[in-house]
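> Below: one structure in structure tokens.
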Amino acid sequence: MYPNYLRISNFCCTFVRFFAQVRAHIYAQDTNMIDYIKGHIAELNPTYAVIEAAGVGYEINIALPTYSALIDQQDTLLYTTEIIREDAHTLFGFSTKGEREVFLQLPTVSGIGGNTARMIMSAYTAAELRQIIATGNSKTLAQVKGLGPKTAQRIIVDLKDKILKIDLGDGLTVDNAQCTMFPVENNPVKDEAVSALVMLGFAAAASGKAADKILKQNPTATVEQVIREALKML
């Protein structure tokens, strides 16, 4: 009696787990119901924008490059993608189709969700991310907060052959994609500022880019000035 009961119980547990995995996979897929939204920028901050179109305000999650592209604009067109799960229906927007295509590749990697993909694309532009993956630069990719070396390596292994097929409008193809690695510059002010920003919870890569921009505009800036200005940008 008991062996039969155990077999039935094990079968039921296996079926439930399988059904849950299938259901999660279905909900995780991009439905692509809305290709783009064009309208007035009603609200804008570094993580989302509210676009008013035909009297409806759409809250759209964005990455930092898209935020930078929208600053000082009153109207815009964002290419969108939807990620639907059991507990959330999230809309993501991008200033170009190429950025959207790069974003869509990231959640195909195990362990990468929509918010993590957005964080990666906030740390690097689509072109920089393509270069990082194509050149196998897992050390640079692992600097994104929350990724770690193993996840960064998994992204490179899974996407290296796919990423160069995405057209970003820069003429880069599989044949001419031998890109140079990102240079490392020794700057004590930058290093100290980035360390402080990381302690505050910001991604190292995004903090470094912000510090570079600030120091390029003001080479004599102090650590405090760099951190203050970076907090306005991140």
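Coordinate-derived values only; no laboratory data. As the structure is a prediction and not an experimental result, all values here were calculated from the model. Positions of Cβ are generated from backbone atoms using ideal geometry, with glycine treated the same way; all protein chains shown enter the neighbour counts.
> Each residue of segment 206-219 in turn: what ³J(HN,Hα) in whole Hz from Karplus with 6.51, -1.76, 1.60 and θ = phi - 60°, glycine and Pro shown as x?
Each residue of segment 206-219 in turn: 5, 5, x, 5, 5, 5, 4, 5, 5, 6, 5, 6, 9, x Hz.
> A follow-up question, please. By how many nm would the segment from Arg228 to Leu77 lengthen if fully extended, with 0.36 nm per residue of separation less the alpha-carbon distance?
51.2 nm
> Which value in nm describes the separation of the simple spin-label points at Lys150 and Thr108, placed 7 Å from the Cα toward the beta carbon?
For Lys150 paired with Thr108, the spin-label model returns 2.4 nm.
> Give the lysines whose C-alpha is closer than 20 Å to that of Lys150, dropping any in the same chain fewer than 8 places away, or say none.
Lys139, Lys160, Lys162
> Follow-up question, since we're still on this one. So between Glu59 and Tyr36, what do we pick up on full extension, going 0.36 nm a residue minus the alpha carbon distance?
7.0 nm
> Given a cut-off of 21 Å, name the pairs among Lys190/Lys232; Lys145/Lys216; Lys97/Lys216 whose C-alpha atoms lie farther apart than that in the structure shown.
With Cα atoms farther than 21 Å apart: Lys145/Lys216; Lys97/Lys216.
> Here is a further query. Which of the aspartates and glutamates could be linked to Lys209 by a straight reach, that is with a Cα gap under 19 Å, when you skip same-chain ones fewer than 8 residues away?
Within the straight-line cut-off, Lys209 pairs with Glu99, Glu128, Glu185, Asp191, Glu192, Glu224, Glu229.
> Pop out the ³J(HN,Hα) list for segment 117-126 in order, Karplus 6.51 cos²θ - 1.76 cosθ + 1.60 with θ = phi - 60°, rounded to Hz; leave Gly and Pro as x.
4, 5, 4, 4, 7, 7, 6, 9, 6, 4
> Oh, and also: Once phi is turned into θ = phi - 60°, what whole-Hz ³J(HN,Hα) does the Karplus curve with 6.51, -1.76 and 1.60 give for every residue of segment 99-113, x standing for Gly and Pro?
4, 5, 5, 5, 4, 5, 6, 4, x, 6, 8, 4, x, 10, x
> Using unit Cβ charges (K, R positive; D, E negative) and no other charged atoms, how large, in debye to the nearest 20, is the dipole of segment 63-157 about its Cα centre?
In debye, rounded to 20, segment 63-157 gives about 480.
> List every residue whose amide H lies under 5 Å from the amide H of Ala42, counting only residues 5 or more places away in sequence or on a different chain, with H placed 1.01 Å from N in the peptide plane.
Val50, Ile51, Glu52
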